[in-house]
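The values are calculated or read from the model by the stated rules, or taken from the named source; none is laboratory data. What you see is a predicted model; the values in this text were computed from it and never measured. All Cβ positions, even for glycine, are placed from backbone atoms using ideal geometry, and neighbour counts span all protein chains on display.
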Amino acid sequence: NSYGLNGMGMQAIALFHQIPREFLHEATYVCALNACSHSGLVSEARLIFKNIEMKTMRIYSTMIDCLSRASAFEQAQELIDEYERNHSPESTMYMALLSGARNAKNVYLSQNIYDRMKNLFPEEKVPLISAAVLLANVYASSGEIDKASNIRLEIHKSGTKKKVGLTWITVDGQLYTFRAHDRSHPRSNEIYAEGEKISNEIIKYGHQYDS
C-alpha cells in the first residue's frame, strides 16, 4: 500500500507477485490495483483483475477507478454493467467513473454520469452532493461558469452539505486536524509556505496532481 501511495507501482506489483496465493485476499488485491491505478499501469491491473477468482464490490470499484483514471471509460462502463448483472448498482463505481471524466474535462460524459446517479441513487444524498461538486468543477474548468454556478446554487438550496475531509497529525502527544483551505491554526502562514515548498519539490521530481 505504501508503494502505491507513493507512485511506486512497479515495486508494489513486484511485491504482490511474491505473496503466496493462499495469503491473497480482498485487501491485498485492492492495494495492488490501487498501486496500478495511481501509476498508470493499466495493463498490469487488467492482468491482476483477470486472475482474481472472487471479485468483490471493492475490487470491481478499484479496477473501475484504474480504468477511469486512464480515460478508458468504455471499459470501465463494461465492468459496471458486468457487476450489475448480478448485483445492485453501487454509487462508488459511478463516482470513480465521474472522477475520471472530471480529470479528462469531459463535460458530456460527466453530465451523463451525474444524471444516471440521480436516477439510480435518489436517496443517497452525500454521494449525489459529491457528484454535483465534481460536475460543477468540470463545467468551471471548461469555461462554462454559469452552469457551474447554477449547480453550486442548487447544492446550497438543497441544504445538504458535503462531508468535510480532514487530515490529522499528532505532534508531542497533541492531535491537530486540518481541512481544505483551513487557516485556523495560528501558524497557518508557515504551514502553507512549507506545503508549497514540498509541493514544488515533488513536482520537480515528476509528481503530477489530480486536476
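Do you know which residues across the stretch 101-153 are basic (Lys, Arg) and free of Cβ contacts under 8 Å to residues at least 60 places away in the same chain? Talk me through it step by step, then tell me what you get.
Restricting attention to the stretch 101-153, the residues satisfying the condition of being basic (Lys, Arg) are 102, 105, 116, 118, 125, 147, 152.
The answer is Arg116, Lys118, Lys125, Lys147, Arg152.
All but one of (1) at pLDDT 75 or above; (2) more than 19 Å from Arg102 (Cα to Cα); (3) surrounded by 13 or more Cβ atoms within 10 Å (Cβ to Cβ) hold for Lys147; which doesn't?
The failed condition is (2).
Considering Asp182, Asp172, which residue is surrounded by 12 or more Cβ atoms within 10 Å (Cβ to Cβ) and modelled with pLDDT under 80?
Going through Asp182, Asp172 in turn, the sole match is Asp182.
Out of the residues in the stretch 68-100 that are of a type in the set (A, V, I, L, M) and touching a residue at least 24 places away in the same chain (Cβ under 8 Å), state the one that is nearest to Gly143 (Cα to Cα).
Here is the first cut: in the stretch 68-100, the residues of a type in the set (A, V, I, L, M) are 70, 72, 76, 79-80, 93, 95-98.
From the residues that got through so far, the ones that are touching a residue at least 24 places away in the same chain (Cβ under 8 Å) too are 70, 72, 76, 93, 95-98.
Values: Ala70: 23, Ala72: 24, Ala76: 27, Met93: 27, Met95: 22, Ala96: 23, Leu97: 22, Leu98: 18 Å.
Looking at the filtered set, the residue picked out is Leu98.
Which pairs do you get when a residue that is over 18 Å from Met63 (Cβ atoms), found in the stretch 4-32, comes within reach of a residue that is exposed (fewer than 11 other Cβ atoms within 10 Å of the Cβ) and of a type outside the set (S, T, N, Q), reach meaning Cβ atoms under 9 angstrom, with the pair 6+ apart or on two chains?
So the pair list comes out as Gly7/Gly206.
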